[in-house]
Structures are given as structure tokens and as C-alpha cells.
Amino acid sequence: MTRAIAGSLLLLAWVATALSAQTPGDRVARAVSEQAIRAHVEFLADDALEGRAPATRGGELAAQYIAAQFQRLGLKPGGDSGSFLQRVPLVSRTSTGMGLELSGDTASFRPITDYVLWSESADTMSEVVDGPVFVGFGIVAPVYRWDDYKGAPVRGRLVIALAGDPDSSIFDRHTGMPYGSWRYKVDEAMRHGASGILLIHTTHFTPFQWGNLSGFARELTAIQKPASSVRIEGWLSEGTARRILAGQPQDLDSLIAGATHREFRAVPLNLRLGLRVATRNRRWETQNVVGLLPGQGPLAKQAVVIGAHYDHLGIREPVDGDSIYNGAEDNASGTACVLAAAEAFRWSGTTSNRSIYFVAFGAEERGLLGSQGFVARPRGKTLVGMVNMDVMNLWGRSRDIGTVAPDHSALGAALRRAARAESLIVTIDPDDVRRGRLFRSDNFSFMQVGIPAIRLLSGLDYEGRPPEWGREQKEAMWETRYHTPSDDVKLWYTVDGTAQQVRVLVRMALDVANAPNPPRWAPDSPFNPQGRPAQR
Ligand SMILES: [Zn+2]
């Protein structure tokens, strides 16, 4: 044997050892293609896609492009009737008229100035309501040991609740379930079978001014829901609430005083209200793009979701002569991550025990509608966890990866393991927490229905850059480019940082998809459907 041959054999043996030492996570991470990420970002953010607004030519082109990529990669169609596209029926309502009368009170209430009313179920409706029930803040939150309903008989009755939540020292407003939001209160009223809900605006418990509610008179869009008991929704100004409650044994101040304690019990009100709404409801739809990588074995009926919204704002008022809101960072970047992740799984031939859904959501910018439609849709698989990519790193290689409130569930630990395998640390930027980034993207639609979800964000510490550079880039994005035509592909953008994020993403998804148990909620997370009360 010559020395050269012996050397080659040694080298071969070394290569074989190195290959066998590769974990499935290493293999799928190594199959992440920077070229693919760049191609997807540049195509999706091109002017030709006209800002990808729902139900526009550009939006549909984006959906068709993503579907074609899923097909090319050999994913199974996860949409309607054997296709990759999943319809999401929407309804846009515009209030065209409203009326509010208090029996025995001759003075009139002025629409928008004194109250707003609408209905999502009927175009016009007129009702006389006897004996509405005051339900405090209308919150049921076992994890905070709080229940404003306490079994009060409200089925078929109108409930009146205070807007907001009673106490920031009890309710975690930054990373907890937003119990103060009107959407939550409507859903809670629906769970109790109430026929309607009116929220009382006060400057003390509500973070916005009454004037902001004038927006309710404009068009608002929601997913078409199965029939709800709640037929009428609305807001009362503080002054209106005072007038309505004037003749009651307890006035507004005394009701508020009672409602700020855990011992509060619902108060039936002895009054009669006439409510009238006229609404123009426009029914239309958007679509999600859904590809499935089937799992292998008995856990295949469970699925992990890798998701990002592909829609953006479309064509709007020009800024400096540019009217196309391209949405390169928001969120061609995240969509490219989903596509690159799917490609890495297929190219590396990696399969997992649980199935993996790759989903591009529509109409996120209209209020997380595509993801709400996705979780509401019955399907053959149980969703055990979701990883969301929204506004990813186009700025360069970093030493960290961002997230917000990761420890609501075991997904936080899975993220740290995946990041460590890529020599990255996980950073939580208090700015992201304060700006509500936990709630303002598709991960929230999953968390609201009890499915653990996490959002990946960009880090703060960039290779070859001074320490403050990362924060400066974040500020430039969120304060200047975000939701403007200047969120477009820049010459200086690179995708090496995006590729780091996708490598973390695929490692994490594979880890969760192969773990013996699904990721658990933290016992005291306000999102945990079986949550136990925190010790407070
Ligand atoms: Zn976004």
C-alpha cells in the first residue's frame, strides 16, 4: 500500500466518521440555501407583486408562487380539494346606522359621539333589551384567580362590561393573554351564551381615548365565524354609561368599585334599552397556502406548524412618488424562511415522527385573519406547536436570535437548544415586549386557542458591527420603513443572517416534531387552557 493510498483511506474513514456524527438536525440545517432565500425575497418583494394585498392580482400571484414551490418540493397539498390553497372566508362590515334609547329617558344619545353599535350576524336589527347584566370587566382568567361571571345566568341576555382590565399588578398586560381587549370580551360573552355585549369606555381602565373608537364606523374585516350567540356588540362612552345607570341602586362609580375585586358578583340591571343597527356586510375571501410533510409512525397524526404571513399592504397613498408597499422585511423575509425550511427538509431527505405543516398565511395585516381561519378549520391532525416568522433578519450575520416571551411553553427551551447548535444565543429585547410583538402576529392566533406558539425575531448583536448597530437597524425598520413603501429590497441587504435563522428554525421544528411528548404550556401561563392559578 502506498502512502498516498493509505492517506486517502484515512481521509475516507475520517469523512465517514464525520458524516455519521451528523445528527438529523445538522443534516437539515446544512441543506438551507442562501440562494433560495434571496430568490424568494426578491421575487415576493418585487414591484410586479404590487404589495401582495389580499384579493388582488399581486396577492394571488404570491399565493400561486408559494403553491408552485411547495409542489416542486413534493410536499402534500394541505389546502382545499387536493390543492395547496385554503380558502379563508371573510366579512367586511361597514356601519351605516345605529340607534340607542333608554326607556323612560327622553334625551337622545348621539351615534359615535355617545356610543357605537354593530352586528356581525345581521345586516339590520332592532331589539328591545330588558334587564341587561353588569359583569364587571367580563373576564374569566383562572390563572389570575379571576372570574367576573361566577356562573351568573347571562344566557340569552345582554351583558354590560367595563373595558380594559382592573389591575396591572394582577394582569400581565405585556406578555399575558390580553384580557383587557374587546375581542377577548366578546368571545367570553359568547362562551357564556350572552345575546350581546356593550363595553363601557373609561379613561381610567382603557389605554385609548374615546375618539379612537370613531374608527369603528369605518369598514372592519373579520373571518366568517360559525353562528355566535352574540348578535350585537358596542361601546358606551363613560358619560352615556353614567346616564343609563343613573336610576339604578348602584351608580357607575359604585359598580366600578365592586368590579375591581376578585369577590365581585354580576349585577342584574333594572332597565330597558332599545338597540338598533344597520350594517353593510361584504363577503369575500383570501387564502392560505398549506403544504404538508407527513410524519412517520404513530405520532404522524400530530403536526408542528412552520408559518409566516405572505400578504402585505398592496398599493396605497404614494410616499415620495412610490405607491407600492412591497413588504420586503414584512414579510417577504418570513415567507422566504418557510420556503427555505421546506426545501431544506426535502433536499436533506429528512422526515420526522410528527407531521410538519408549512403555511403561508393571508390577510395578517388585516388582523391575523389567515391564521385565525387556519386554526378554526377542522383537519385530520392535532396541532401541537407553531413557529412564526414575521420580519426576519436581512441585515447580516448575528451572534443572537430574537424572540418575545418564549417561556409560555416548552418551545422556549426548544428554541434555546436549536440556537445553541448554531452557536447563537437567544435575546429578548424589552422593546419587542413593550410594543406587543407577542400579540401582533400569527403566533397569537394559535396561542389564543391553546396551541403553544413562538415568534422568531432578529437579534441585536451583528458580526463586524459596533454594539449599538443592531438596535439602530431595528429602529430604522420599525420607526421608518415599517408599513411604508420604503420597506423594499435594499442593495445592502444580505441573507446570511436569514439563513442562520432558518437553520435555527429547522432544527427547532425537527426537535419538536421528534420529541416523545408535545411541547407543554408553562403551568402558570395565561394561555395554558389547563393553567393553574399562579401564587400571587
Ligand atoms: Zn408582518
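A few notes on this one:
- Approximate spin-label separation Thr480-Ala376, in nm, with each point projected 7 Å along Cα-to-Cβ: 4.0 nm
- Averaged over residues, the count of other Cβ atoms within 10 Å places the peptides 48-56, 268-276 in the sequence 48-56, 268-276, highest first.
- Ordering Met389, Val433, Val359 by Cα displacement along the dipole of the range 355-445 toward the positive end leaves Val359 in first place; charges were set at the Cβ atoms of Lys, Arg (+1) and Asp, Glu (-1).
- Considering all different alpha carbon pairs of the range 91-199, the Kirkwood hydrodynamic radius works out to 15.5 Å.
- Sorted on the mean count of surrounding Cβ atoms within 10 Å across their residues, most packed first, peptides 241-253, 104-116 read 241-253, 104-116.
- With R₀ set to 25 Å, the beta-carbon distance separating Trp469 from Ala413 gives a calculated FRET efficiency near 0.30.
- Once the Cα-Cα distance is subtracted from the 0.36 nm per residue extended length, the Ala246 to Ala222 segment shows a gain of 5.1 nm.
- Extension gain from Arg399 to His204, taking 0.36 nm per residue of separation minus the Cα-Cα distance: 65.9 nm
- Per the Kirkwood formula applied to alpha carbons, the range 263-331 shows a radius of gyration over Rh ratio, Rg over Rh, of 1.25.
- In degrees, nearest ten, helix 411-421 long axis to first principal axis of the chain (Cα): 20 degrees
- Inter-label distance, Ala257 to Thr113: 3.2 nm, where each label sits 7 Å from its Cα along the C-beta direction.
- Arg155-Gln530 pseudo-label distance in nm [points 7 Å out on the Cα-to-Cβ vector]: 2.7 nm
- Solvent-accessible area per residue for the chain (1.4 angstrom probe, square angstrom): 42 Å²
- Solvent-free Debye calculation, one equal scatterer per alpha-carbon of the range 237-364: log10 I(q)/I(0) at 0.11, 0.13, 0.20 Å⁻¹ equals -0.75, -0.78, -1.15.
- Kirkwood-Stokes translational diffusion coefficient of the chain, alpha-carbon pairs, 10 °C, 1.306 mPa s, µm²/s: 63 µm²/s
- Range of Cα positions in the range 331-480 per principal axis (Å), largest first: 50, 36, 27
- Ellipticity at 222 nm from helices only: DSSP H runs of n ≥ 4 in the chain, each -39500 (n - 2.57), divided by the residue count, give -8500 deg cm²/dmol.
- Kirkwood's formula applied to the C-alpha pairs of the range 13-163 gives a hydrodynamic radius of 22.7 angstrom.
- log10 of Debye I(q)/I(0), alpha-carbon scatterers only, for the range 392-536 at 0.09, 0.12 Å⁻¹: -0.31, -0.54
- Compared with the dominant Cα axis of the chain, that is its longest principal axis, helix 333-347 is turned about 50°.
- Taking the empirical scaling 2.2 N^0.38 Å for compact globular proteins as reference, the range 334-377 has a Cα radius of gyration ratio of 1.39.
- Percentage of interatomic Cα-Cα distances in the range 335-421 larger than 17 Å: 64 percent
- Just so you know, the Rg over Rh for the range 143-268 is 0.94, from Cα atoms, with Rh as the Kirkwood radius.
- Cα convex hull of the range 229-273, projected area averaged across orientations, nm²: 4.1 nm²
The values are calculated or read from the model by the stated rules, or taken from the named source; none is laboratory data. Only a predicted model underlies this, so the values are computations on that prediction, with no experimental measurement involved. Backbone-built Cβ (ideal geometry, glycine too); neighbour counts: all protein chains shown. Remember, those area values only see protein heavy atoms, side chains included, never the ligands or the DNA or RNA. Shrake-Rupley method; radii C 1.70, N 1.55, O 1.52, S 1.80 Å.
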